[in-house]
Amino acid sequence: GKKLLNDLFIYNIESQVWTQPQTKGKAPAPRQYHSAACIEDSLYLFGGYHGQKWLNDMVILDMKQMCWKYPAVDGQAPKGKEGHAMERMGKLLYVYGGWDGDAVSDFHTFNTETLTWTKLRAIGDA
């Protein structure tokens, strides 16, 4: 069978060596097809599939302290999903599409300073 994981590895591009850091706090639930992006000293992890349900949590790893955080967020968060795209632009994360049992094409931003989700409306043909 398939086993979902919640391990974390860091790759040093200069030494070309993988390491597994020790982290503090509760590690995120095991998942697949989630997304992750770095802004400054924080790694933002969103969504994925946990084997029985689609997740819509935003988990943050403070990379200076190597500590997992589960912030209270505001706004209109995406529904739980996997296989979506997430891109960083400045202090914003953009999350588009994915799968929640059906293909979805919703579009959201997450403001990493205010911890607020905003649902966007895409205009044009897809």
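By definition, a body whose alpha carbon gyration tensor gives a ≥ b ≥ c is oblate when a/c is 1.5 or more and a/b is not larger than b/c, and region 43-126 fits this oblate description. Toward the positive end of the charge dipole of the chain, with +1 on the Cβ of Lys and Arg and -1 on the Cβ of Asp and Glu, the farthest Cα among GLY48, SER15, ASN111 is that of GLY48. Modelled spin labels at GLN52 and GLN22, positioned 7 Å past Cα toward Cβ, are 3.2 nm from each other. Note on THR118 and ASP7: their simple-model spin labels are 4.0 nm apart, each label 7 Å out from Cα toward Cβ. Other residues lying with their Cβ under 15 Å from the Cβ of LEU45 contribute a combined charge of -1, Lys and Arg counting +1, Asp and Glu -1.
Neighbours of GLN76 by Cβ distance under 11 Å: Lys/Arg scored +1, Asp/Glu scored -1, total 0.
Here, each number is a calculation from the coordinates, and none is a lab measurement. What you see is a predicted model; the values in this text were computed from it and never measured. In this analysis, Cβ positions are derived from the backbone assuming ideal geometry, glycine residues included, and neighbour counts consider all displayed protein chains.
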